[in-house]
Every structure is written in structure tokens, then in C-alpha cells.
Amino acid sequence: QKKKLLEELGEDRLPYVTPADADFHQLWKTKYSKLIFGKSDTVPEELHQMVQEGFLNLRKHDCFFQDLVRIKGKDFITPVSRILIGTPGCTYKYLNTRLFTVPWPTEGYDIKYCSPQIHDACKALIRLNDYLHIEAVKALQGQNLFETKEIKDTTVTDREQNFATSLMEKGSVSKDQSSCCVPEDDYVSLKNRTSYNLTLLNYMDPLQMLYLKQEPYFGMGNMAVSWHHDENLVERSTVAVYSYSCEGSAVEESNESKLKGRDPAVWHVGLKVAWDIETPGLAIPLHQGDFYLMLDDLNMTHQHCVLAGFSPRFSSTHRVADCSRGTLEYIFGQCELALQNLQTDSDSMALSLKSLETAVVKQVEEIHNEVEFEWLRQFWFQGKRYLKCTDWWLKPMAKLEEFWRKMEIMTSLVLSEVGKEEQIEEQRKETISCLLLVLTERQRLRKEWTAR
């Protein structure tokens, strides 16, 4: 899709607007209404202070790491350094890389941090999480009222009339406004889609980067993060982003701000309608302590990028991660399910399998692969770095390794059983072909992980 779009554009660049442009608000209202922006002066000063101090302390303790991600079979190091903080036992997977939360202080969990400053930073991020959750609920409720009002009352001022009419003709306003009105009484759904269970923190100093990609469609300049949809999220959930660019004496507004377009000294978030070359893009400046919310399905219908300024910048991106297969509770449950097929003889203590049914063998071996490649290898491949913050993950990982060892024994037991003469030929063939598929996949993944 990207290639096709760029071919269609040729040497041209698509138009985009910033808040300095006259038609910015009308475009925002009609095509980007699910992006909500909060200026820093609306956030309590005490919260700014706690969070910003937390960022700097995490940086001081070297808690931000570049990730090795995999795109289309190739490995890349991310230009941005990251750390995941959130609910104990939660993970977040993006671009084939699983990140493990540094747990934030949670009642009922014994979490030892490597320093009081790391503890305070995690505590500050819970406070920010709570604040952004409340803001997101208010914004979704506000959108509901706004959208019903908009449908009833479509009058616009004369100045905006022509622009709005041309968009109306393409059916965009009515489509955009009616696509998701949140039922006012649907508070449970509101809560579920705004109860962030983790935050992915980002840090980058653009002046330390030898090379940054240029934004390809609009000519917006240097990108810290390319165009993308956030992945692994609960459907239609809100993403909230708090931005802290370390502005100050080093970088003031650039002289180039008088030129058309965005000021290259200032960080911006870019938005565009996914795979569309009709609608102008948006570039919104992000100053110290600003935040924005991507409501409802905006993350699915639109793409966003982050445009680098000149100063170092932190951001805290709060998400409702889809943890259906990404928590310790889930993977321990899977292990217990697999190990139900293993029994120990009370006299000889010899291990054997309860069942050799193909479906049972297949399920156990698939769980075996999941434990090894989605958890153990993902953790140890970059997991030692978490020890700079906390040793919380070491115990659960040791427990998972114990489960994995038992599953290795179970694989050997299946192999020795199908090797026995007395096996019924038909069942034996079925078990072997099912086993061969899973073992071939295991071998392929082991080679891939060794290379990574």
C-alpha cells in the first residue's frame, strides 16, 4: 500500500495543516474529531512535576532501551528508546517483540525496585494513568453529546461553508460523525476502553541520531516514529499520550517557523487518514506537558507519526493492551493445562503420558512452543536489562523454565511411544504427522532466535 501510494504521488507532496492555518479547526472537526488535545496548563502542576522528575530519574538510571524489532523478516533497532511500565505480570507485544512490564506499585504484590527513585517514577506514572483515564472518559462522553448535537445542527459559519460542503459531498462528515456514538448509559464499555493497564515510555534525543527518516507523503521533515497504527490493543480503546520535550535555553522556537508548515525545532504529532490521498494531514505541535487522546476507532481508521524537534523528548503512551494471551496468569494456565497429560508412577517415580490422542499431543506441543518462543526466548533475548529496575520477573521466569523442562520430557515420551512396535499403525501415522509439524516449526524458530 505504501509503495502504491508513493508511486501515485510521484514527486508531489500531499497538503497538511498546522494550527497556524485558517482551515485547521474545520479540518480537525470534520476528519479528525476523535483526536482530543490537552494543553499543559490544564494538567495539575504537581502531576507535571512528579512525572517529569520520574522521566529524568529513569533516564539517569539507564532504564530506557532500544528494542530489536522484526519487520517483514528483518531485524531493526528502534531509533527511540523505551521502557514498559504497568500492571504486574502484563506484557505488550509490538513488531514481533514482547516487552515485559516493570510493575508499578500494586497492592498485594511484593515488588522490589533497584532504587527509591525508580519506585517513585512508577508511582508517578500510576497517578498520570489515573488522570488520563478520567480525561478519556470525559472526552468520550463529551463526544457523544457533541456528535448527537452535530447531527441535529449542521449549520456552519459562512467562512467554513465551502470547505465543509466539499467534504460533505464526499460523504465524510456524516460518515465520520455517525460511526460511533457512545451510548450514554454504556458506562461499562467506556470504562473498559479507557482503563489503561500499561504505559510504553519513549525517549529520544534527535541531536544524538546520525540519521532520521524523512516523512514521505507530506514533506513534514524528520520522523522519530514512522506512520503506524498502534497494535495489540483492545478494540476501539483510547490511547493517551503525555509529552515532555525538554525545551529551555538550548532550543527556542526556530527562526524557520515563519515559513509555511511546521516548525522543525518543535516536536509534533502527525495524523493522516489511513491510505488516503484526498484528505490533508495534520501536524500538531507538542510542547512541554501537553497530552493528546486518540479516541474510539481513530487508531484503526487513521495513522499517526511523531515528528522530531531539536530537543530531547520523553513521552508516556497509555494503552489498554489486549492481554488475553499476554499475562503470566494466562501462560501459567496454559502450562497447567499441558501438564495434566503428564503422570508420575507412585512406586517407581517414572514419568509417563496419560493420553496419546492426536488432539492432546498437538495441544501440549503447541503450548510448549508458546512457552519457549513467546515467553522464555522473548524475555532472555532482551530481559536482563529489566534488572536495572527490578528483579520481579526472575521468579516467574524460573517457574516457566521448570514447566518448559517438563514439556521437553513430554516430547521425548511421545517420540519413544510412537517408536514402539505395538502402536496401532493408523494412530501412529496420525500422531507422527501432527508431531512433525510442531517440531519442524520449533526447529525453524530456534534457528531464527539463535540468529536474532
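So the values come out like this:
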read-out	value
Exposure of residue 246 as accessible area (Å², to 10), given a probe of 1.4 Å and all protein chains	40 Å²
Space enclosed by the convex hull of the alpha-carbon atoms of the range 259-371, per residue, Å³	193 Å³
Chain lengthening between residue 22 and residue 344 when straightened (0.36 nm per residue, less Cα-Cα)	108.3 nm
All Cα pairs of the chain, percent lying beyond 29 Å	56 percent
Distance violations [Cα-Cα > 26 Å] among 29/213; 272/384; 34/191; 384/406; 60/447	29/213; 272/384; 60/447
The range 328-451, relative contact order in percent, only Cα pairs under 8 angstrom and at least six apart counted	33 percent
Potential lengthening between residue 409 and residue 358 on full extension [0.36 nm per residue; Cα-Cα distance subtracted]	16.6 nm
By accessible area with a 1.4 Å probe, ligands and nucleic acids excluded, highest first: order of 98, 444, 70	444, 70, 98
Portion, in percent, of the accessible area of the chain that falls on carbon or sulfur, probe 1.4 Å	54 percent
For peptides 196-208, 268-280, sequence by mean Cβ density within 10 Å, most packed first	196-208, 268-280
Nitroxide proxy distance, nm - points 7 Å out along Cα→Cβ at residue 417 and residue 46	6.2 nm
Protection-proxy order for peptides 55-66, 19-30, each taking the mean of Cβ atoms within 10 Å per residue, highest first	55-66, 19-30
Structure-based [θ]222 nm, the chain - -39500 (n - 2.57) summed over DSSP H runs of at least 4, per residue, nearest 500	-13000 deg cm²/dmol
Mean accessible surface per residue for the chain, computed with a 1.4 Å probe while every protein chain stays in place, in Å²	50 Å²
Cα-projected label distance for residue 297 with residue 426, points at 7 Å along beta-carbon direction, nm	4.9 nm
Enclosed volume per residue, in Å³, of the convex hull spanned by Cα atoms of the range 328-451	113 Å³
Per-pair calculated FRET efficiency, R0 = 35 Å: residue 231 and residue 395 via Cβ, rounded to 0.05	0.75
Added length on full extension, which subtracts the Cα-Cα distance from 0.36 nm per residue, residue 277 to residue 127	50.0 nm
Residues whose placed amide H lies under 5 Å from that of residue 102, excluding near-sequence neighbours	84, 85, 86
Contact order normalised by residue count of the chain, Cα under 8 Å, 6+ apart, percent	20 percent
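The values are calculated or read from the model by the stated rules, or taken from the named source; none is laboratory data. Bear in mind that the values here come from a model prediction, so they are computed numbers and not experimental data. With ideal geometry, Cβ positions are generated from the backbone for all residues, glycine too; neighbour counts draw on all protein chains shown. Accessible surface is based on the protein model in full, side chains and every heavy atom, while ligands, DNA and RNA are left aside. Shrake-Rupley method; radii C 1.70, N 1.55, O 1.52, S 1.80 Å.
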